[in-house]
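To start, the structure itself, in structure tokens.
The values are calculated or read from the model by the stated rules, or taken from the named source; none is laboratory data. None of the values given here were measured: they were computed from a predicted structure. No Cβ is skipped: glycine too gets one built from the backbone with ideal geometry, and neighbour counts run over all protein chains shown. Just so you know, the surface numbers come from the protein's heavy atoms only, side chains and all, with ligands and any DNA or RNA stripped out. Shrake-Rupley method; radii C 1.70, N 1.55, O 1.52, S 1.80 Å.
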Amino acid sequence: MKTYQHFINGEFQGSHQTFEIRNPATGVTIGLAARGTGTEIAQAVDAARETFQTTSWGDMDGRLRGALLRNIACVIRRHAVELAALEVADAGKTIGDARAEIEIAAQVWDYYADLTQSVIGTVNAVPSPDQFDYTVRQPMGVIGIIIPWNFPFVLTALKLAPALAAGNTVVLKPAEETPVTASVLGGLLNEAGVPHGVVNIVLGVGEEAGAALAANEKVDKLVFTGSTEVGSLVMKAAARNITDVTLELGGKSANIICADADREQAVMSAAFGCLLHSGQCCCAGTRLLIERSIYDSFMSQLKDCFERVRVGDPSDERTHLGPIINEKQFQRIQSYIDIGKSEGATLVTGGARALGGALEKGFYYQPTLFGNAGNGMRIARDEIFGPVLTCIPFEDLDQAIALANDSSYGLAAGVCTRDLIKAHYAARRLQAGTVWINTFNGLALNAPFLGWKRSGIGVERGVEGLHDHTRLKHVRIDMSRKALPVFGDS
Ligand code: NAD
């Protein structure tokens, strides 16, 4: 059985201990992964620091770094078929999603390859022509990156590409549920010609390798994506060393369906918004606010749509929804079904394990709709991270906006309406980092992605995401050839 290894200073290496990697569709062990601890993290951080301090990587002409990033995109496309198959087996991605995500990852590398020359500063106004004043952006040094299991290869690209484009070196700790493509990426980086030590990858569990990376004082910045609970632990560890952090955390995004919305578009926005990757998506629209006058007819259409969704083997091209990542997450979803029922919400469809044939061995869940819910219920407040949509009726747009904003999270929100004025009115008032109008879950690499409130700190993607991986420096030059007046001189 294959053991997936760490990738440190350009070489693969193992650990004394390993952990099993299971296919969520079948429960079968597909390999072992090296179980890194503080020792491997320290080695990886030292390799990254040494590379940053003693090589020309950070000062390299942006065009050369851009060429390397573009090579990475080419190598990924060359190995796309193999990578997609690994993502299906490791993360339970449907084959269609896996193919799309490998291509998106390549596009991320291409996008930041173009931006390597956009790390630019400003010239600042000065009081006299004898002075020159400017601001530059410089790489930060070593970036420590910790990611979750729901979009393994895309998230790896979204984190690594801007960090490298800005001239940093990195240490990546992928999720223990999905270490495969991160480990394989090591070989692809060598194939693309990335200098050794620029990217270091340590596999392991969160409390060991993750916590050690968060606590390492030689790391200049921590970039974390995951739950709000663990994000808070990472922030605490960062606080001890005054390390900069970017956190992309959980969500409970609201999608507002106005009575005047295009019905087909709104149903698809609601269904796709919630069910993408079986609801295991941070920005999933899992609270659906429906205008009272269309509530019954909309729910009936949505129920039909949910019941037509094909749950099944992720490697089957016809499958819409694959399995839940593991038993723990599966049990969490089931517990929220019980909570929703006990809170008095109406279970409209779903609410149970999806069974039959090949599904028996995996952790499959039926697309689930709760109706007549209240925004105070736990099924409307907590991130369930499964294919469960909580539907709440509303009377007018201001009430819908107030309900949407009544959440500790602020990752994303949606509005479905044909009225442009209403759309802008809501977009301005919704407390979320992204607002989708008549759509949901659309990915834009060139636009910023960020969480408000307990959904995060800092910004990713776009030029802002590149700048988030740099330090600002201010430089003032005096060209007057006159000495500064000495204190006390008249
Ligand atoms: P998680 O917080 O349990 O784990 C995320 C990562 O943190 C994993 O690599 C894990 O090993 C590591 N980790 C765990 N304990 C740690 C510790 N004590 N110190 C350091 N690292 C530790 O999250 P998950 O279950 O893997 O993913 C689901 C969560 O991620 C959801 O809350 C989801 O909303 C969130 N998420 C957010 C975004 C976003 O961009 N906002 C994107 C994807 C997922």
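Size of the dipole of the chain about the Cα centre, Lys and Arg at +1 and Asp and Glu at -1 on the beta carbon, nothing else charged, in debye to 20? Don't jump to the answer; show the numbers that get you there.
Details: 45 positive and 53 negative charges, 60 e Å.
Dipole of the chain, to the nearest 20 debye: 280 debye.
Efficiency by 1/(1 + (r/R0)^6): what FRET value for Q431 and R378, r their Cβ-Cβ distance, R0 = 22 Å, to the nearest 0.05?
FRET efficiency, Q431 to R378: 0.60.
Counting only residues 5 or more places away or on other chains, whose amide H sits under 5 Å from the amide H of Y364 once H atoms are built in the peptide plane?
The answer is I324, A354.
Sum -39500 (n - 2.57) across every DSSP H segment of at least 4 residues in the chain, then divide by the residue count to get the 222 nm mean residue ellipticity, nearest 500.
Numbers: 15 runs with 186 residues, N = 490.
Helix contribution divided over all residues of the chain: -12000 deg cm²/dmol.
Which cross-chain or sequence-distant (5 or more) residues have an amide H under 5 Å from the amide H of R22, H modelled 1.01 Å from N in plane?
For R22, whose amide H was placed from the backbone, the distant partners under 5 Å are I30.
Regarding the chain, what are the three Cα extents along the principal axes, ordered largest first, in Å?
The principal-axis extents, from largest down, are 81, 63, 39 Å.
Return the long-range amide H neighbours of G167 (sequence gap of 5 or more, or a different chain), with a cut-off of under 5 Å between placed amide H atoms.
Under 5 Å from the amide H of G167: no residue qualifies.
By Kyte-Doolittle mean hydropathy of at least 0.0 and Cα axial length of at least 27 Å, which whole DSSP H helices of the chain are selected? Could the numbers behind the result be given before it?
Working: long enough: 95-115 (30 Å, 0.05).
Qualifying helices, which must be both long enough and hydrophobic enough, are 95-115.
How much length is gained if the chain between S480 and D262 is pulled fully straight, taking 0.36 nm per residue apart and subtracting their Cα-Cα distance, in nm to one decimal?
Details: separation 218, 0.36 × 218 = 78.48 nm, distance 6.65 nm.
Taking S480 through D262 to full extension adds about 71.8 nm, to one decimal.
Show which lysines lie in cross-link reach of K93 when reach means a straight Cα distance below 26 angstrom and same-chain residues fewer than eight apart are skipped.
Qualifying lysines at Cα under 26 Å: K2, K159, K173, K252, K303, K328, K361.
Suppose the chain between K341 and D133 were pulled fully straight at 0.36 nm per residue; how much longer would it get relative to their current alpha carbon spacing? Numbers along the way, then the final one.
Details: separation 208, 0.36 × 208 = 74.88 nm, distance 6.37 nm.
Working it through step by step, the gained length comes to 68.5 nm.
What percentage of the solvent-accessible surface of the chain, computed with a 1.4 Å probe over protein heavy atoms, is contributed by carbon and sulfur atoms? Write down the numbers at each step before the final one.
Details: 10840 of 20300 Å².
Answer for the chain: carbon and sulfur cover 53 percent of the accessible area.
Would you give the gap between the C-alpha center of the stretch 34-54 and the C-alpha center of the stretch 241-308, rounded to a whole Å?
Between the Cα centres of the stretch 34-54 and the stretch 241-308 lies a distance of 41 Å.
Dividing the convex hull volume of the Cα atoms of the stretch 341-386 by its residue count, what figure in Å³ per residue is obtained?
Values: hull volume 3.5 nm³, N = 46.
With only Cα atoms used, the stretch 341-386 gives 75 Å³ per residue.
Of G27, I325, C282, whose Cα points farthest to the positive end of the dipole of the chain (charges on the beta-carbon: +1 Lys, Arg; -1 Asp, Glu; origin at the Cα centre)?
Result: C282.
Give me the 1.4 Å probe accessible area per residue for the chain, excluding ligands and nucleic acids, in Å².
Values: 20300 Å² over 490 residues.
That works out to 41 Å² for each residue.
Could I have the simple spin-label model distance between D59 and A85, label points 7 Å from Cα toward Cβ, reported in nm to one decimal?
According to this spin-label approximation, the distance is 4.6 nm.
Applying a 10 Å radius around every beta-carbon, put 124-130, 248-254, 238-244, 190-196 in order of their mean neighbour count, most first. Can you show the working numbers first?
Values: 124-130: 9.9, 248-254: 27.3, 238-244: 14.4, 190-196: 16.7.
In decreasing order of mean packing, 124-130, 248-254, 238-244, 190-196 become 248-254, 190-196, 238-244, 124-130.
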